[in-house]
Amino acid sequence: YVLIAALLINSVVYSTVFYPKLLIDFLSDKQIITYSACLFQWFIFYSLAGSEFLLLAAMSYDRYVSICKPLQYPTIMRKKTVIMFLVLAWLVPFCKIAGPIVQNVNKKLCKFIFKGIICNSTVHKLHCVEPRIEKIYGLIVFVNLLIIPVLFILFTYTRIFIITYRSCREVRRKAAQTCLPHL
């Protein structure tokens, strides 16, 4: 339940990045955001999105161990392991996203009108020089924080499905009760 609570906290904080600014923009005649606030919103938005996928991957691993290796569960999923998963799920995305944000702080802007309801990597369109290296780095981060965790989640739930399919009906029922809330 610690991982579910962490996912809930992550989702609540994630929504606070988007909705207050959206509400302010909706209620005002002119939609304005400072460049530094835009970069901060971009940083928090992508960091928490990456954290969400890593937390989901940690949850799928927890379910995998509990169903496929139930006798080893207490040894594998100790308190230290769960804490390590939580710290890494929040720290890795923040570190990976911080680099491009810091690089963008002092970049020269040629355009000052941003089209969109949330500040994200499209901020690059405001810069005078097209950031090719940052786009490549962004793709690498995307693969690391989204594609790999999703593939891992699919792998673990596929393994769970295969193992429970070979088992009796009671095992399948318990696995479904365990996995469905996570899915």
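So here's what we get for this one:
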{"read-out": "Candidates 33, 153, 44, ranked by Gaussian network fluctuation over the chain, Cα under 10 Å, top entry", "value": "33"}
{"read-out": "Listed residues 94, 112, 43, most fluctuating in the chain (Gaussian network, C-alpha, under 10 Å)", "value": "112"}
{"read-out": "Principal-axis tilt of helix 2-27 within the chain, Cα atoms, nearest 10 degrees", "value": "30"}
{"read-out": "Rg(Cα) / (2.2 N^0.38 Å) computed for the chain, rounded to two decimals", "value": "1.27"}
{"read-out": "Surrounding net charge for residue 156, when Lys and Arg each add one and Asp and Glu each subtract one, Cβ distance under 13 Å", "value": "+2"}
{"read-out": "Long-range HN-HN contacts of residue 127 with modeled amide H, under 5 Å", "value": "110"}
{"read-out": "Whole-number percent relative contact order across the range 30-183, with pairs defined as alpha carbons under 8 Å at least 6 apart", "value": "37"}
{"read-out": "Nearest-ten-degree value, helix 79-104 long axis tilted from longest Cα axis of the chain", "value": "20"}
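Values in this text are rule-based calculations from the coordinates and carry no lab data. All figures in this text were calculated on a predicted structure; none of them were measured in a lab. All Cβ positions, glycine included, derive from the backbone under ideal geometry; neighbour counts span all protein chains shown.
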